[in-house]
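As structure tokens, the structure follows; a few thoughts come after it.
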Amino acid sequence: MGLADPAAELATVGGKGASLARLAAAGLPVPPGFHVTTTAYVDFAARLHDAVLAAMGEVDADTPATFETASARIRALFAGHEMPQRTAEAIAKAYAELGGDDVAVAVRSSATAEDLPDMSFAGQQDTYLNVRGQAALLEAVRRCWASLWTARAIGYRARNGIAPDGIGLAVVVQELVAADAAGVMFTADPVTGSRDTVLVNAAWGLGEAVVGGQVTPDAYAVDRSSTAVVRSDVADKTVMTVRTDTGTEERPVPEDRRAQRVLADDQVVRLAGIGLRIEALYGVPMDVEWAMRDGSCYVVQARPITNLGSAGAPTETWNDSLDGDYLWSNGNVGEAIPDVMTPISWSFIKIFFDHAMPTSSVPGYLGYGRIGGRFYMNLSMAAALAGAVGISMKRFRTLTEPVFGKLPPGVEIPRVPLPRLRLLRLLVPRAVRLTGDVRRHRGRLPEYLASAAERSERLRARIAAVGDPCALADMWRAEIEPYLVEASTMLAVGTRSGGVAVLNAPKRLRRLVGEADATALVSGQRPGEANLASLGQLVGLAQLARGEIDRATFARRYGHRSVHEFEVSYARPGEDPAWIDRQLAAVRAQEHGVDELLARQEAARAAAWERLAHRRPRDVARARRWVAQWAKVARARENTRSEVIRSFWVLRAYVLRAAELTGRGDDLFFLSLEELLDVLRGSPAALAAVPGRRATYEHYRSLPAYPALIRGRFDPDRWAADPDRRTDFYDVSGPQAPVSDTVTGFPGAAGVVEGVARVVPRVEDADELAAGEVLVTTVTNIGWTPVFPRAAAVVTDVGAPLSHAAIVARELGIPAVVGCGNATMRLHTGDRVRVDGGRGTVEVLAPGG
């Protein structure tokens with residue numbers, strides 16, 4: 001079917017094809033081509049129909065592993081099936097009319113459920129560029145058809161309720177523009193929702209490097225009313241996509257063109273005019289992919305911008321990576337704050353950091369920030385502050401690896417452009433304050449920990465009793481803020497009172513007794529007790545299941561800990577009887593309960609001491625000193641952290657009471673602290689910002705979790721749109737090393753286990769983990785602890801020896817490898833794996849079927 005054929009509608013040529021047909025029919029500059037219709041796909045797939053539906057019958061929208069299984073079955077069917085002769089002949093004839101074997105074409109999938117005004121389905125199927133010759137074209141068409149059944153596409157349709165027998169796939173074949181430059185254009189700002197300007201991004205070569213996020217493009221803005229270029233940001237463009245004899249590839253941009261402007265003003269204005277014509281044709285803001293050759297403009301794709309509304313559109317950019325070339329990590333603290341943060345939670349977290357980690361930042365330069373609304377530590381700032389006090393970069397990396405994890409090979413930490421003397425002048429007052437806090441409060445730590453829970457309960461009761469908004473505002477300065485500051489300061493005290501022992505004791509023990517026995521010796525939970533806060537909730541659930549404590553006692557002791565404990569918009573487990581019911585059911589169903597695991601680890605620990613006494617009796621005394629030092633610091637660290645989280649339950653109670661007294665409901669989660677206090681005192685002006693902030697928050701929450709390490713300016717939307725996106729590392733400065741084929745990380749907890757892997761993306765999906773399977777996930781925090789007894793071993797992308805997964809796995813005697821970076825990319829549900837927690841390796845013994 002011809003590209004502009006009047007019969008080229010959604011049902012026959014798919015979303016992309018229908019859009020291109022509409023553009024071509026309107027006289028817009030679209031490269032010539034033709035459609036391979038959905039009828040051709042149906043003819044090809046007719047004999048496979050029942051087998052496809054049978055495979056799809058096993059798909060569960062809440063179980064990602066079923067997407068992979070169905071995809072493998074269906075794509076194998078397609079690979080062994082011949083294309084009908086009449087279809088092959090029709091494609092060959094249409095290709096000959098374009099010019100035959102000398103013509104390079106782009107072959108793009110076009111599904112009947114993509115590029116719709118209310119659904120962004122683009123990119124779920126495959127595209128093949130620079131295809132030459134009839135045989136190559138026919139194979140590309142067949143591969144496009146098969147791509148309708150990738151795991152990603154199956155999952156997307158399942159989550160959006162698209163029936164498997166209600167879809168078809170067309171293919172668009174177009175002459176490939178040998179572009180000098182290409183990019184994307186938005187007729188409205190996709191982040192803020194503003195419709196005042198047309199935004200044009202441009203880079204050298206074909207557009208794939210821009211669409212895929214491999215290059216930072218030039219950015220231009222054209223005022224809609226005056227058609228004048230009002231902004232031109234010229235980027236350092238390091239890579240470009242070019243045509244080759246066998247397809248396309250990325251190559252470095254020649255040095256003399258990297259910083260050269262791609263488009264002149266008149267070309268930008270001409271492109272903006274085309275974009276506005278397309279918007280007028282569709283009646284909605286549009287996302288347009290374009291290419292330019294010898295000054296001529298071509299439209300290669302256009303679709304409505306999804307999630308963009310005239311009311312309640314995102315109005316803010318919560319992205320501190322835009323401030324400069326820094327290296328960011330979501331390890332350590334980031335594992336405890338996995339969520340996109342509401343503005344009120346961000347306000348509280350900044351107060352917490354100012355007192356818990358005062359030397360991580362200096363005035364005007366935060367050592368942490370938000371990227372797409374999620375929490376990250378600024379390793380560049382941390383390295384600069386360490387350097388200011390004489391710690392070399394090599395030493396800094398050695399010291400921080402147990403906390404933030406290892407950096408990938410070849411990754412440098414960009415330096416903060418601040419003179420050392422200036423950093424010292426800014427840092428010294430904070431260091432002096434921290435030293436004083438530790439000295440003054442160290443002796444108070446036991447008393448504080450003993451009374452903290454009662455104080456939290458008392459404050460929540462006092463908050464609930466306040467009946468006047470102004471009185472609640474006054475209560476912040478008088479009682480709530482001092483409580484948060486004290487809890488944060490005591491965490492600083494708990495982590496710095498002999499904190500070097502947390503790092504040094506395990507190293508010394510490993511040298512003395514080896515990895516396995518060192519793991520046993522630095523565990524220390526006693527059966528039936530909750531000495532280590534990370535295990536408190538798990539031990540408490542076992543006590544509740546046995547009837548040793550009641551629900552009220554469990555909620556009071558452990559109800560503050562959860563996956564989302566720093567985000568105050570989420571309910572705590574102590575507020576949710578259904579959460580307790582679910583966890584109790586899981587505890588009762590466990591083959592090996594927490595008491596059994598702890599007793600087993602106690603026996604392993606006793607055996608390790610016996611071996612040491614037999615082999616090296618003179619070293620037992622000093623080993624016991626190391627373990628005692630480690631245990632004291634580890635418990636202080638864990639217990640003070642737990643009390644910080646208890647303070648965040650008080651903060652949640654405070655916001656909820658403010659919402660009740662003002663009648664503003666959950667709008668108050670989208671205000672800063674100062675704005676919330678203004679509303680309590682009768683000044684509601686800040687509430688006007690709530691719809692836009694709510695939309696910003698929901699937009700960022702709709703994106704996948706970002707990479708564990710990010711270097712440079714990071715665009716969450718561009719990254720999320722890339723089908724080949726990486727979750728381990730993002731580097732805006734240029735091409736990255738390929739993802740390693742091996743899965744290695746930190747030895748989290750010693751032991752060797754063989755078992756079946758289960759990739760669990762979120763704790764909400766943890767019911768999928770069967771007893772005895774190997775848990776593979778991105779990162780764990782305290783909310784994952786009840787899941788651990790079911791796991792034969794634990795493997796994480798993010799983590800280090802001091803991370804949650806390592807600590808809990810050691811206490812329970814479960815082998816763990818943490819901080820792998822690529823585990824969830826390289827391991828799949830159903831793989832049979834060998835986990836060696838002592839060596840920090842994961843080996844695939846047999847891929848899943």
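The values are calculated or read from the model by the stated rules, or taken from the named source; none is laboratory data. Small disclaimer: the values here were computed from a predicted structure and weren't measured. Positions of Cβ are backbone-derived with ideal geometry, glycine not excepted, and every protein chain shown enters the neighbour counts. For the accessible areas, the whole protein counts, side chains as well, though only heavy atoms, and no ligand, DNA or RNA atoms are used. Shrake-Rupley method; radii C 1.70, N 1.55, O 1.52, S 1.80 Å.
Regarding ALA749, is this residue in contact with a helix residue (DSSP H, G or I) (Cβ under 8 Å, 6 or more places away or on another chain), in contact (Cβ under 8 Å) with a residue 60 or more places away in the chain and buried (at least 22 other Cβ atoms within 10 Å of the Cβ)?
yes
Are any residues in segment 179-190 assigned to a loop (DSSP other than H, G, I, E, B) and within 11 Å of TYR298 (Cα to Cα), and if so, which ones? Can you show your working first?
Residues of segment 179-190 assigned to a loop (DSSP other than H, G, I, E, B): 179-180, 187-190.
Listed by number, the list holds a single entry, ALA179.
Looking at segment 157-179, which of the residues that are within 26 Å of the chain's Cα centre (by Cα) and surrounded by fewer than 20 Cβ atoms within 10 Å (Cβ to Cβ) is nearest to MET1 (Cα to Cα)? Give the steps one after another, and end with the answer.
Of segment 157-179, the ones within 26 Å of the chain's Cα centre (by Cα) are 157-162.
Cutting the leftovers down to surrounded by fewer than 20 Cβ atoms within 10 Å (Cβ to Cβ) gives us 159-162.
Working: ARG159: 32, ASN160: 30, GLY161: 30, ILE162: 26 Å.
Among them, the one singled out is ILE162.
Looking at ALA21, ALA40, ALA46, ALA61 in this structure, which one is out of contact with any Asp or Glu (no Cβ under 7 Å at 6 or more places or on another chain) and at pLDDT 90 or above?
Only one candidate qualifies: ALA40.
Would you check if ALA792 is open to solvent by less than 10 Å² (accessible area, probe 1.4 Å), out of contact with any helix residue (DSSP H, G or I) (no Cβ under 8 Å at 6 or more places or on another chain) and small (Gly, Ala, Ser)?
Numbers: open to solvent by less than 10 Å² (accessible area, probe 1.4 Å): no; out of contact with any helix residue (DSSP H, G or I) (no Cβ under 8 Å at 6 or more places or on another chain): yes; small (Gly, Ala, Ser): yes.
No, not satisfied.
One line per residue, one yes/no per condition, for (1) over 28 Å from ARG810 (Cα atoms); (2) in contact with a His (Cβ under 6 Å, 6 or more places away or on another chain); (3) among the small types (Gly, Ala, Ser):
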residue: ARG625; (1), (2), (3): no, no, no
residue: ARG637; (1), (2), (3): no, no, no
residue: SER642; (1), (2), (3): no, no, yes
residue: GLY663; (1), (2), (3): yes, no, yes
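Pairs only if they're at least six apart or on different chains, beta carbon under 8 angstrom, first in segment 409-431 and touching a residue at least 12 places away in the same chain (Cβ under 8 Å), second among the charged types (D, E, K, R) and open to solvent by 100 Å² or more (accessible area, probe 1.4 Å); list them, first residue then second.
none
Could you check segment 734-838 for strands (runs of 3 or more DSSP E) lying wholly inside it with 1 or more residues that are within 18 Å of the chain's Cα centre (by Cα) and over 24 Å from LEU407 (Cα atoms)?
Result: empty, no element qualifies.
Any chance you could count how many residues in segment 1-46 are among the β-branched types (Val, Ile, Thr) and more than 26 Å from ALA178 (Cβ to Cβ)?
Result for segment 1-46: 5.
Are any residues in segment 410-443 more than 32 Å from the chain's Cα centre (by Cα) and farther than 23 Å from HIS355 by Cβ, and if so, which ones?
Of everything in segment 410-443, those that are more than 32 Å from the chain's Cα centre (by Cα) and farther than 23 Å from HIS355 by Cβ turn out to be PRO419, ARG420, LEU421, ARG422.
Just the residues that are in contact (Cβ under 8 Å) with a residue 12 or more places away in the chain and among the acidic types (Asp, Glu), please, taken from segment 237-278.
Of everything in segment 237-278, those that are in contact (Cβ under 8 Å) with a residue 12 or more places away in the chain and among the acidic types (Asp, Glu) turn out to be GLU250, ASP265.
Scan segment 47-60 and tell me whether some residue there is hydrophobic (A, V, I, L, M, F, W, C) and touching a strand residue (DSSP E or B) at 6+ places or on another chain (Cβ under 6 Å).
Within segment 47-60 (the criterion being hydrophobic (A, V, I, L, M, F, W, C) and touching a strand residue (DSSP E or B) at 6+ places or on another chain (Cβ under 6 Å)), the answer is no, since none of the residues qualifies.
Between ARG257, ARG270, ARG243, which is in a helix (DSSP H, G or I), over 31 Å from the mean Cα position of the chain (by Cα) and at pLDDT below 90?
Just one listed residue meets the conditions, ARG257.
So which residues in segment 780-813 are in contact with a Cys (Cβ under 9 Å, 6 or more places away or on another chain) and either touching a residue at least 60 places away in the same chain (Cβ under 8 Å) or under 18 Å from GLU602 (Cβ atoms) (or both)?
ASP797, VAL798, GLY799 - these are the residues of segment 780-813 that are in contact with a Cys (Cβ under 9 Å, 6 or more places away or on another chain) and either touching a residue at least 60 places away in the same chain (Cβ under 8 Å) or under 18 Å from GLU602 (Cβ atoms) (or both).
Give the residue, chosen from VAL172, VAL215, that is in contact with a Lys or Arg (Cβ under 6 Å, 6 or more places away or on another chain) and either under 21 Å from ASP731 (Cβ atoms) or at pLDDT below 80 (or both).
VAL215
Counting only residues that are aliphatic (A, V, I, L, M) and open to solvent by 10 Å² or more (accessible area, probe 1.4 Å), how many does segment 822-839 have?
Number satisfying all stated conditions: 1.
Of the residues PRO815, PRO801, PRO847, only one is surrounded by fewer than 20 Cβ atoms within 10 Å (Cβ to Cβ), modelled with pLDDT under 95 and not polar (S, T, N, Q); which?
The match here is PRO847.
Given the criterion modelled with pLDDT of 85 or more and on the phi > 0 side of the Ramachandran plot, identify the matching residue among THR227, THR197, THR187. Don't jump to the end; show me each part of the working.
Values: THR197 fails: on the phi > 0 side of the Ramachandran plot; THR187 fails: on the phi > 0 side of the Ramachandran plot.
Criteria check complete, one pass: THR227.
With the requirement that a residue be under 19 Å from ARG425 (Cβ atoms) and of a type in the set (D, E, K, R), what does segment 361-387 give you?
Those that are under 19 Å from ARG425 (Cβ atoms) and of a type in the set (D, E, K, R): none in segment 361-387.
Restricting the search to segment 26-71, which residues are under 17 Å from GLY830 (Cβ atoms), surrounded by 14 or more Cβ atoms within 10 Å (Cβ to Cβ) and in contact (Cβ under 8 Å) with a residue 12 or more places away in the chain?
ALA55, VAL59, THR63, PRO64, ALA65, PHE67, GLU68, THR69, ALA70, SER71
Go through LEU687, LEU656 for me and flag whichever is over 19 Å from PHE566 (Cα atoms) and surrounded by fewer than 22 Cβ atoms within 10 Å (Cβ to Cβ).
Numbers: LEU656 fails: over 19 Å from PHE566 (Cα atoms).
Being over 19 Å from PHE566 (Cα atoms) and surrounded by fewer than 22 Cβ atoms within 10 Å (Cβ to Cβ) holds for just one of LEU687, LEU656, which is LEU687.
Given (1) at pLDDT below 85; (2) open to solvent by 10 Å² or more (accessible area, probe 1.4 Å); (3) closer than 14 Å to VAL743 by Cα, identify the lone condition not met by ASP765.
(3)
From the list SER380, SER361, which residue is touching a Pro at 6+ places or on another chain (Cβ under 6 Å) and surrounded by 17 or more Cβ atoms within 10 Å (Cβ to Cβ)?
SER380
Go through segment 696-723 and give me each residue that's open to solvent by less than 20 Å² (accessible area, probe 1.4 Å) and either among the charged types (D, E, K, R) or not in a loop (DSSP other than H, G, I, E, B) (or both).
Passing the criteria: THR696, TYR697, TYR700, LEU709, ILE710, PRO716, TRP719, ALA720, ASP722.
Restricting attention to segment 665-684, report how many residues are part of a loop (DSSP other than H, G, I, E, B) and open to solvent by 50 Å² or more (accessible area, probe 1.4 Å).
Adding up the residues that qualify gives 4.
So which of SER347, SER392, SER310, SER296 is under 28 Å from LEU668 (Cα atoms), among the hydroxyl-bearing types (Ser, Thr, Tyr), at pLDDT 90 or above and surrounded by fewer than 22 Cβ atoms within 10 Å (Cβ to Cβ)? Walk me through how you get there before you give the answer.
Numbers: SER392 fails: under 28 Å from LEU668 (Cα atoms); SER310 fails: at pLDDT 90 or above; SER296 fails: under 28 Å from LEU668 (Cα atoms).
The conditions single out SER347.
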